[in-house]
1. Any chance you could run the full-extension gain for A:A613 through A:R393? It's 0.36 nm times the residue separation minus the Cα-Cα distance, nm to one decimal.
2. With the radius of gyration and the Kirkwood radius both derived from the Cα set of chain B, what is their ratio Rg to Rh?
3. Across peptide A:765-777, what mean number of C-beta atoms from other chains lies inside 10 Å of a residue's C-beta?
4. Helix A:398-409 sits at what angle to the longest principal axis of chain A, using alpha carbons and giving 0 to 90 degrees rounded to 10?
5. Compute the acute angle (0 to 90°) between the alpha-carbon long axis of helix A:692-723 and the principal axis of greatest extent of the alpha-carbon atoms of chain A; round to the nearest 10°.
6. Could you work out how far apart the two model spin labels at B:S10 and B:V117 are, taking each label as a point 7 Å from the Cα in the direction of the beta carbon, and quote it in nm?
7. Based only on other Cβ atoms within 10 Å, what is the fewest-to-most ordering of B:Y11, A:Y490, A:Y705?
8. How high is the FRET efficiency from A:R233 to A:L353, r the C-beta distance, R0 45 Å, rounded to 0.05?
Amino acid sequence: MLPIVRADPAVREATPVLQVVASLPAHPGEFLHLVGVDPFSNGELVTYRLEDALKNPADAIAFVSEPDTIAVTRPLADRLGLKVGDTLRAVHGGRETTLRVRFLLEPSDDLVGADDHLALADIATVQSRFQLGGQIDRIETLLRAGSPAEKENLRQALTERIQSRLPAHARAGSPERRGREVERMLGAFQLNLTALSLIALVVGMFLVTNTVAANVARRRSEFGLLRALGLGRRALTILIVAESLLLALAGSILGVWAGLEVARRLLGTVASTVTSHYVLLSMRDVMVTPASLFGAVVAGLVAAALAAWWPAREAARVPPVDALQFGHISDRAVSRTHRFVLPALVSLAAAGLFSLTALHGGFPQTGFLAALGVLLAAAFTAPLVAHALARVRPARIPAWILGRSFFLRGLHRHGLAAAALAVSIGMALGVAIMVHSFRVTVDRWIGESIRADLFIAPSTNLVAGSLEPLDPEAETIATALPGIRAVGSYREIRLFLDGAPAKLAACKLKVLKTCNPLPILSSLPGDPYELCQNGEYAFVSENFARRRHLRPGDTVSLPTPNGLRPIQVAAIFRDYTTESGLILLDRAIYQKITGDLNLTSLALHLEPGTSVAPLIDSLRAQLRPRGEFLIYSQSALRDEALRIFDRSFAVTELLRTLAIGVAALGVTLSLTALVAERTREIGMLRATGARRGQVLRTIMAEAGYLGATGVSLGAVTGFAVALVLMRVINRAFFGWTIDWHTPWPLLGSILVFVFLVCLLAGLPPALKASRLSPAEALRSE
Amino acid sequence: MLETRDLHKSYQSGDAKVQALGGVSLKIFPGEIIAITGPSGCGKSTLLHILGALDTPTSGQVYLEGHPLHSLNDDKLTSLRQLRIGFVFQFFHLLPTLTVEENVLLPLLLSGRVDGVGKARARDLLEAVALADRMHHRPHQLSGGQMQRAALARALVHRPSVLLADEPTGNLDSASSAAVVNLLTSLARREKTSVVLVTHSEEVAKAADRRIRLVDGRIHS
């Protein structure tokens, strides 16, 4: 293809690139992202700022003339203790070679997307050292000069011209398209994080509303005076919102700073999650554009303005005479709870509607709106639940009776705090149920579907995902070992089908059938294993079939070097290895149609009674000269799979804690505001003979009612959220079936924990109330 | 008997020291009704709070039935309030989510004495203030006068030896004021309870056995 591309009139320059991931036996856990480039044609493309390392023509000659030359980044060299002139053993595809570090690459801001594992070599060096003669990954081209519009036309014309001459598994496109594809792969992951962050923002909005409402109540007479002096309703609303915005600005800036700190701490976790699921990614620092920081501040301000608007408007609506009078505020609140019934029902109906559009309308994103609908319904129901709970008449414990009375009286404020609590608890429980169900489902699936006793894979796959092929000799070595019943092989590549990512895998179906049958959900009549071994048939995973609406007998067009190949679906099986979906072919068929003879891993089935440990030792001893391998036992693989699973969901736990923390802050705020509002009432109680401890317990009882409201409503909401997450969002996005498993002990402990947090959150205002001097409290009368 | 000797009370307000009471000595005898009058800021409420064991003087002594209020700790003062002192406030301060009866029972509830006797006492008082038919109502269903009558029943339910009323008619119309004052005095006499009434109203002050006028924190007449 290279001569064809170079000869094209639209192309000014074209350069070939070959990328491999190579493990470093001397440095366990480290790897090279080795990029083979052509320094002569690469010059103008300056993809890797090679010219920084090659400072003079003599360097360039050395770069190509010495067949073992590589350039590594300075951070990697420092980490590995390498100096210019040192050698480095590297393994790729079972081939070990020695490379010599002759140049150091300085970290450059232009190297977006690369990291310090990057190493450069002449393309011929990479090809010859790893016996990849003639192979290239891609051709990077530079178009002839022209205006942006001309360039765009040139690009489109060139893409069309080249695409028609490319084999089916190769694609022509702009660098942006490649970026978009990666984005698309990461889209679901990002969406999950974004949705959780948005829920934290919504809970934050409750907090702002609560704060503004408390502020408005506290300064009621001040606002009444302003109104009496001639300030209009609209002006008062603007005044209150503007005041909130000032606070929100400080809060948003603080939030952005805290967010960056948290991001830095989470970097490693997220990078390894992305690598194990999607693409090789190694991150050492958080990259944020000023625009996104600005966007975050603006989002904070907009959320605050929206949240502040409602209480501001309510305050502005109060006639000045009423505002200047004492009392009058809260008696209405008790009787106003019914007005939230309709919004709650509307939110629930919207949740149902959005669930339908997500599942059947082709708009999976609306699944998140369905979740939001459920949460909003919970928020609107909060005052009703609070009122219903307060109907439980307490025994003759003074603090309980008074706490209930205070709680009922404070519903105008507690409604919001309870809503925020219910939303956070609902989200926390929903995610907890989903993650637990998913984990149990996957765990059971692993137990049922992974029957091999030992697994062998190149060690770089642990850090770099399944990228480096396995040394083919490993299969021969494993097969020759005593006590081996069968050796299954596995090959997996990532590809794009109709613009969406998917995984194509191949294995020895004969071994699979006898030693490790797949959990088949539906299949063509007859034996699907036989079909797949004898013809161009494939197994496809459940999520692949569901997302592409495939049934057994339907056809998938597979891109191969010889053009698109129609492959018929023989059976659909349950699989949780990849969210993008999996097509599984028999190894022989795969090799025939793709020409790819590489392997990704091996699965060893042992004869009954063979002991595993000596076999592992023997395998290690024989494989050691051929590079670094991971050898997992069945239980270790299961543990590893669950470790990756747990790591993937670790971030959600943090967001969950954050949301509950924010909601707990709401409890403190709500009670603090109410204690301020009720100074005289507390004074009256103290005058009537209430002890400090009784006042403290009264406010704590109130916090208890508030916590009970949030916890009980949150528990119900949690199940509803879990239902949406598992049956709507998961199905719409990933197409997996997740069996429902309720983690009762976890749910119980979360609920008890949140309830205790609520009590704890009530303690500062309760202490403040109990310490009020009765004379001071009454003096304000 | 309630007695004060050379009571002084001063506050710090910013950099300035405000003298609220400047040597008040008085005696209030059992069953006596006295009215404290005087312009705003003369120290009426401060005196009332000290008499009601809500506040302590800067110097001087105050005795309630022999108990030295000026030297007791918060716990002891609270116990005294629970047993011997009743309060009526200008803004009633009924708890809106409790019924009228529950509001009246509040002092007994706080001291753990809600029993059959206590309930009978509350009903008796509610009849006396003509609210027996409203005992299961919530405060917001009552008029201002009715609310203050309920507050009066609350102040007397635990048979205090002294009842302190801070502008009890300050938030009522004249007809309701007269009714509340009549009830207050008649019930106090029936119960043999001393009453200290802080008021601006001449009409209310006339109902007292004795009037004390405070000016600038001192007894003027």
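1. Working: separation 220, 0.36 × 220 = 79.20 nm, distance 6.55 nm.
Length gained between A:A613 and A:R393: 72.6 nm.
2. Working: Rg = 17.1 Å, Rh = 17.7 Å.
Rg/Rh: 0.97.
3. Working: counts 0, 0, 0, 0, 0, 0, 0, 0, 5, 10, 11, 3, 1.
Per residue, the number of nearby Cβ atoms from other chains is 2 on average.
4. On a 0 to 90 degree scale, this one is about 80.
5. Tilt of helix A:692-723: around 40 degrees.
6. The two pseudo-label positions are separated by 4.7 nm.
7. On the way: B:Y11 12, A:Y490 22, A:Y705 27.
Listing B:Y11, A:Y490, A:Y705 from fewest to most nearby Cβ atoms yields B:Y11, A:Y490, A:Y705.
8. On the way: r = 36 Å, r/R0 = 0.79.
About 0.80, to the nearest 0.05.
Each reported figure results from applying straightforward, stated rules to the coordinates on display, with no laboratory input. Predicted model only: the values in this text are computed from it and were never measured. Virtual Cβ from ideal backbone geometry, glycine too; neighbours counted across all protein chains shown.
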